[in-house]
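Notes follow the structure.
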Amino acid sequence: MILLGTSFVFINKAELLEDFYVRKNMYYSKSWTEIEMNKTFIYNGPFVQRSEDPQYAPQRKILSSAFFKQKMMGMIEIIKSTTLDMARKLRKEHKDGDVVDFIPIAVELMSSLIVNVCVGHGRAHDTIEYKTKEGIEKIPLYQ
C-alpha cells in the first residue's frame, strides 16, 4: 500500500510475521516515517535509528541478548497463542453480524500480549490487589 508517497506493508499471517522478523530481519532498515513516528516515545535509541547509523551497531549489540533467535521464536509463539485465545473468546461472546466496539478489544489484546511476553503466557488475566479510596480492588495485570 502507498500512502502519502510512502510504501507500507501489512502482514496478516503469523507465519509471514515470523519470517519477516526472524529470518529476514538482517535485511531490514527503518524508514524515515517509522523513525519519526517513534521518536516521540523513544528519543534516540536503536529503535529509531537507521541500520547504517554508526551509533546503531554498538547500541544494538547491547540489546541483542533480548532478541536471540530462540527468545524471539518463543515470543512469536506467545503472540500467536494469545491472539488465537482472544479470537476464540470473541467467537464465543459474539454472533455473526454483532456490532462490536473494537477499541477495548484491541487495548486488551495489546496489553495481554505485552504482559504474556514479559511475565509468561496466560498471565495477563492474573489479578493483583490495587488500593483505591474505597478499599482494595483486584484488577487483571493487562489493565
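The values are calculated or read from the model by the stated rules, or taken from the named source; none is laboratory data. Just so it is clear, the model here is predicted, and its values are computed rather than measured. Here the Cβ is made from the backbone with ideal geometry for all residues, glycine too, and neighbour counts use every protein chain on show.
Quick notes on this one:
- Every test in (1) touching a helix residue (DSSP H, G or I) at 6+ places or on another chain (Cβ under 8 Å); (2) at negative phi is passed by Gly122 save one, and that test is (2).
- Residue match in the stretch 117-124 (condition: in contact (Cβ under 8 Å) with a residue 40 or more places away in the chain, part of a helix (DSSP H, G or I) and surrounded by 10 or more Cβ atoms within 10 Å (Cβ to Cβ)): yes
- Selection status of Ile136, at pLDDT 85 or above, hydrophobic (A, V, I, L, M, F, W, C) and over 28 Å from Asp19 (Cβ atoms): yes
- Meets criteria (hydroxyl-bearing (Ser, Thr, Tyr) and at pLDDT 90 or above) for Thr33: no
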